[in-house]
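Undergrad: Questions regarding the structure given below will be posed in turn.
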Amino acid sequence: MNYDIADPLLAEDGVRRIEWAGRRMPVLRTVRDRFLDERPLEGHVVAACLHVTAETANLMLALRDGGAEPLLCASNPLSTQDDVAAALVADGIPVFAIRGEDSDTYYKHIHAVLDHAPAVTMDDGADLATLLHTDRRDIEVIGSTEETTTGVIRLRAMAADGTLRVPVVAVNDSATKHLFDNHYGTGQSTLDGVIRATNVLLAGLNVVVVGYGDCGRGIASRADGLGAKVIVVEVDPVRALTAAMDGFRVMTASEAAAIGDLFITVTGNKHVLRREHFERMRDGVILANSGHFDVEIDLVGLRAMSVARRPVRANLEEFEMNDGRRILVAAEGRLVNLGAAEGHPADVMDMSFSNQALAAEYLIQNRGKLEPGIYTLPSEIDDRVATIKLGHLGGTLEQLTEEQVAYLSGWQEGTA
Ligand code: NAI
């Protein structure tokens, strides 16, 4: 078997980690049980470019239970859990990922999974799909799936200019993905990453959250819960207003730069913190990013402005400015929750990755019927996933009475 990982001897630790995550993924367990019976992915190669974590490992096992031949490479050079990669390889699933790999190795690994001529590709950030439309047009897939907001934005841009040549399921657009993974998952794990990298007490700090989308709302509310004084920076008027009514101060990045202690970017955009902001920041501020790419903080600009750089803790680097101020950057400006912590808890990846497994099934079931374009899984799947998850959290759904069904579908009752 072909693979490229850091150290096969780490497998035992990885197995424990995968099992622990698996215990907290009851929806995926249900999918796996059905997959074992029905084998809907039989014989199909599924190439995944996802964060190589214990939760992703459980997805790989689910795909294999469904009959697929899964392969995995990393969707970020800093998020790979080397022990998990080793455990998957020991279990016969090829992995091409090494934590901290350089850019050349990262792309070599992405090509390696594509070399296996996959029927379905699974992305977190559209790396595989982009290659299918550039250097690897030789590969014909049934379809692709996309995990994250940034990937979906890119694929929609490809659809809009007529470039997209495959059907793509936007897993991020499922309600049981973005309303939970982005909000609760990113909310908790981003602060987990910041805390592990810095060990700062959030209570009383001015925490600036740049971007108040699904992820930003989760981060802001959790920082608020820990006693931080949250400031939100937004460009969208409705989201900015929402932040204001959620009780946060809303201001420009430039205003926030002068008073923030900790800045967290989560916009999916580029250079939202840049030289003009670094110039206004106070000594000792901490910058972290939880948006998909490491371009939200202008690190090239920061490096150019600094007179010295040094690591001060694991996953924390200090930049000294010529006026003596120090600016600290967590996890190299990459996704802080994956670089400095373990990513989202399994409890929430349970739903995201159930949707991924079901998206692969959907593409294979609808083989040849889907035009190139962006698809969302049917809402019944959201309902099913949510109902199972609710049950595991001890909740029970109320049921509509027949009278209520009739009332909601009619219009005459209540009119004069
Ligand atoms: P979203 O589209 O719901 O929210 C992004 C927000 O940023 C929008 O409200 C937008 O108006 C705002 N924004 C854009 N440019 C801005 C600027 N210059 N200044 C201030 N605000 C700006 O997106 P979502 O789902 O919250 O995702 C955000 C990013 O996080 C994406 O890159 C996504 O891929 C990534 N993500 C990261 C995860 C993680 O594990 N860390 C998990 C899920 C998503």
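The values are calculated or read from the model by the stated rules, or taken from the named source; none is laboratory data. Keep in mind that this is a model prediction, so the values were computed, not measured. Here Cβ is always computed from backbone atoms with ideal geometry, including for glycine, and neighbour counts include all displayed protein chains. Note: areas computed on protein heavy atoms with side chains; ligands, DNA, RNA excluded. Shrake-Rupley method; radii C 1.70, N 1.55, O 1.52, S 1.80 Å.
Undergrad: All but one of (1) open to solvent by less than 40 Å² (accessible area, probe 1.4 Å); (2) closer than 24 Å to Phe319 by Cβ; (3) of a type outside the set (Asp, Glu) hold for Asn269; which doesn't?
TA: For Asn269, the failing item is (1).
So that you can scan it fast, the table gives a plain yes or no per residue for (1) free of Cβ contacts under 8 Å to residues at least 40 places away in the same chain; (2) on the phi > 0 side of the Ramachandran plot; (3) of a type in the set (Phe, Trp, Tyr); (4) within 8 Å of the ligand (Cβ to nearest atom):
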position: Ser189; (1), (2), (3), (4): no, no, no, yes
position: Val194; (1), (2), (3), (4): no, no, no, no
position: Val200; (1), (2), (3), (4): no, no, no, no
position: Ala203; (1), (2), (3), (4): yes, no, no, no
position: Gly211; (1), (2), (3), (4): no, yes, no, yes
position: Arg222; (1), (2), (3), (4): yes, no, no, no
position: Gly227; (1), (2), (3), (4): yes, yes, no, no
position: Val235; (1), (2), (3), (4): yes, no, no, yes
position: Arg239; (1), (2), (3), (4): yes, no, no, yes
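Undergrad: Check Cys215 against each of (1) open to solvent by 20 Å² or more (accessible area, probe 1.4 Å); (2) more than 10 Å from the ligand (Cβ to nearest atom); (3) assigned to a helix (DSSP H, G or I); (4) touching a helix residue (DSSP H, G or I) at 6+ places or on another chain (Cβ under 8 Å) and name the one condition it does not meet.
TA: The number of the failed condition is (2).
Undergrad: Considering only the range 153-183, state which residues are surrounded by 19 or more Cβ atoms within 10 Å (Cβ to Cβ) and either within 8 Å of the ligand (Cβ to nearest atom) or free of Cβ contacts under 8 Å to residues at least 24 places away in the same chain (or both).
TA: Hits for the range 153-183 are Asn172, His178, Asp181, Asn182.
Undergrad: Can Ala357 be described as buried (at least 20 other Cβ atoms within 10 Å of the Cβ), in contact (Cβ under 8 Å) with a residue 40 or more places away in the chain, out of contact with any strand residue (DSSP E or B) (no Cβ under 7 Å at 6 or more places or on another chain) and under 19 Å from Met122 (Cα atoms)?
TA: For Ala357, the condition - buried (at least 20 other Cβ atoms within 10 Å of the Cβ), in contact (Cβ under 8 Å) with a residue 40 or more places away in the chain, out of contact with any strand residue (DSSP E or B) (no Cβ under 7 Å at 6 or more places or on another chain) and under 19 Å from Met122 (Cα atoms) - is met.
Undergrad: Still on this model: Being buried (at least 24 other Cβ atoms within 10 Å of the Cβ) and among the hydroxyl-bearing types (Ser, Thr, Tyr) is the requirement here; does Thr105 meet it? Full working, then the answer.
TA: Working: buried (at least 24 other Cβ atoms within 10 Å of the Cβ): no; among the hydroxyl-bearing types (Ser, Thr, Tyr): yes.
Spelling it out, it is not the case that Thr105 is buried (at least 24 other Cβ atoms within 10 Å of the Cβ) and among the hydroxyl-bearing types (Ser, Thr, Tyr).
Undergrad: Looking at (1) surrounded by fewer than 19 Cβ atoms within 10 Å (Cβ to Cβ); (2) polar (S, T, N, Q); (3) in contact with a His (Cβ under 9 Å, 6 or more places away or on another chain), can you tell me which one Ser75 breaks?
TA: It is condition (1) that Ser75 fails.
Undergrad: Can you name the residue in the range 113-130 that is open to solvent by less than 20 Å² (accessible area, probe 1.4 Å) and not in a loop (DSSP other than H, G, I, E, B) and, of all such residues, is nearest to the ligand (Cβ to nearest atom)? Break it down stepwise before answering.
TA: So in the range 113-130, the residues open to solvent by less than 20 Å² (accessible area, probe 1.4 Å) come out as 113-114, 118-126, 128-129.
Then keep just the ones that are not in a loop (DSSP other than H, G, I, E, B); that gives 113-114, 120-123, 128-129.
Numbers: Val113: 21, Leu114: 22, Val120: 21, Thr121: 17, Met122: 15, Asp123: 11, Leu128: 16, Ala129: 14 Å.
Only one residue tops the list, namely Asp123.
Undergrad: Kindly indicate the residue of the range 241-256 that is of a type outside the set (S, T, N, Q) and within 12 Å of the ligand (Cβ to nearest atom) and also surrounded by the fewest Cβ atoms within 10 Å (Cβ to Cβ) among those meeting that condition. Walk me through it before giving the result.
TA: In the first step, residues of the range 241-256 are kept if they are of a type outside the set (S, T, N, Q); the result is 241, 243-251, 253, 255-256.
Imposing the further condition that a residue be within 12 Å of the ligand (Cβ to nearest atom) reduces the set to 241, 243, 250-251, 253, 256.
Details: Leu241: 13, Ala243: 23, Val250: 19, Met251: 18, Ala253: 21, Ala256: 24.
Across the range 241-256, the extreme among qualifying residues is Leu241.
Undergrad: Going by the conditions given, is Leu59 under 12 Å from Ala357 (Cα atoms), within 16 Å of the ligand (Cβ to nearest atom) and in a helix (DSSP H, G or I)? Lay out the reasoning, then the answer.
TA: Details: under 12 Å from Ala357 (Cα atoms): yes; within 16 Å of the ligand (Cβ to nearest atom): yes; in a helix (DSSP H, G or I): yes.
Criteria met by Leu59.
Undergrad: Additional query: Among Pro77, Pro70, Pro94, which is of a type outside the set (A, V, I, L, M), at pLDDT below 95 and in the same structural domain as Arg32 (by TED's automatic domain parsing)?
TA: Details: Pro70 fails: at pLDDT below 95; Pro94 fails: at pLDDT below 95.
Answer to the selection: Pro77.
Undergrad: Can you work out which of the residues in the range 375-409 that are under 30 Å from Ile142 (Cα atoms) and assigned to a loop (DSSP other than H, G, I, E, B) is least open to solvent (accessible area, probe 1.4 Å)? Quick ask: steps written out before the conclusion?
TA: From the range 375-409, those under 30 Å from Ile142 (Cα atoms) are 375-389; that's our starting set.
Keeping just the survivors that are assigned to a loop (DSSP other than H, G, I, E, B) gives 376-378.
Working: Thr376: 71, Leu377: 10, Pro378: 42 Å².
So, considering only residues that are under 30 Å from Ile142 (Cα atoms) and assigned to a loop (DSSP other than H, G, I, E, B), the one least open to solvent (accessible area, probe 1.4 Å) is Leu377.
Undergrad: For Glu320, only one of the following conditions fails: (1) within 16 Å of the ligand (Cβ to nearest atom); (2) acidic (Asp, Glu); (3) surrounded by fewer than 17 Cβ atoms within 10 Å (Cβ to Cβ). What is its number?
TA: The single condition Glu320 does not satisfy is (1).
Undergrad: For the range 284-339, enumerate the residues that are closer than 30 Å to Thr56 by Cα and either assigned to a helix (DSSP H, G or I) or outside the structural domain of Ile195 (by TED's automatic domain parsing) (or both).
TA: Leu299, Ala331, Glu332, Gly333, Val336, Asn337, Leu338, Gly339
Undergrad: Moving to a separate point now. Being part of a strand (DSSP E or B) and within 15 Å of Lys177 (Cβ to Cβ) is the filter; apply it to the range 139-152 and report the residue that is farthest from the ligand (Cβ to nearest atom). Show your work before the answer.
TA: Looking only at the range 139-152, we keep the residues that are part of a strand (DSSP E or B), and these are 143-146.
Going one step further and asking which of them are within 15 Å of Lys177 (Cβ to Cβ), we end up with 145-146.
Working: Thr145: 14, Glu146: 10 Å.
Residue satisfying both the conditions and the ranking: Thr145.
Undergrad: Within the bounds of the range 29-50, is there any residue that is in a loop (DSSP other than H, G, I, E, B) and within 19 Å of the chain's Cα centre (by Cα)? Step through it out loud before you land on a result.
TA: Of the range 29-50, the ones in a loop (DSSP other than H, G, I, E, B) are 39-44.
In the following step, the residues that additionally are within 19 Å of the chain's Cα centre (by Cα) were identified as none.
Scanning the range 29-50 turns up no residue that is in a loop (DSSP other than H, G, I, E, B) and within 19 Å of the chain's Cα centre (by Cα).
Undergrad: Can Thr134 be described as open to solvent by 10 Å² or more (accessible area, probe 1.4 Å), of a type in the set (Val, Ile, Thr) and not in a loop (DSSP other than H, G, I, E, B)? Steps first, answer last, please.
TA: Values: open to solvent by 10 Å² or more (accessible area, probe 1.4 Å): yes; of a type in the set (Val, Ile, Thr): yes; not in a loop (DSSP other than H, G, I, E, B): no.
Against the criterion (open to solvent by 10 Å² or more (accessible area, probe 1.4 Å), of a type in the set (Val, Ile, Thr) and not in a loop (DSSP other than H, G, I, E, B)), Thr134 does not qualify.
Undergrad: Would you be able to say whether some residue in the range 250-271 is without any contact (Cβ under 8 Å) to a residue 12 or more places away in the chain and acidic (Asp, Glu)?
TA: Our first condition is that a residue be without any contact (Cβ under 8 Å) to a residue 12 or more places away in the chain; within the range 250-271, this holds for 255.
Subsequent filtering for residues that are acidic (Asp, Glu) retains 255.
There is at least one residue in the range 250-271 that is without any contact (Cβ under 8 Å) to a residue 12 or more places away in the chain and acidic (Asp, Glu).
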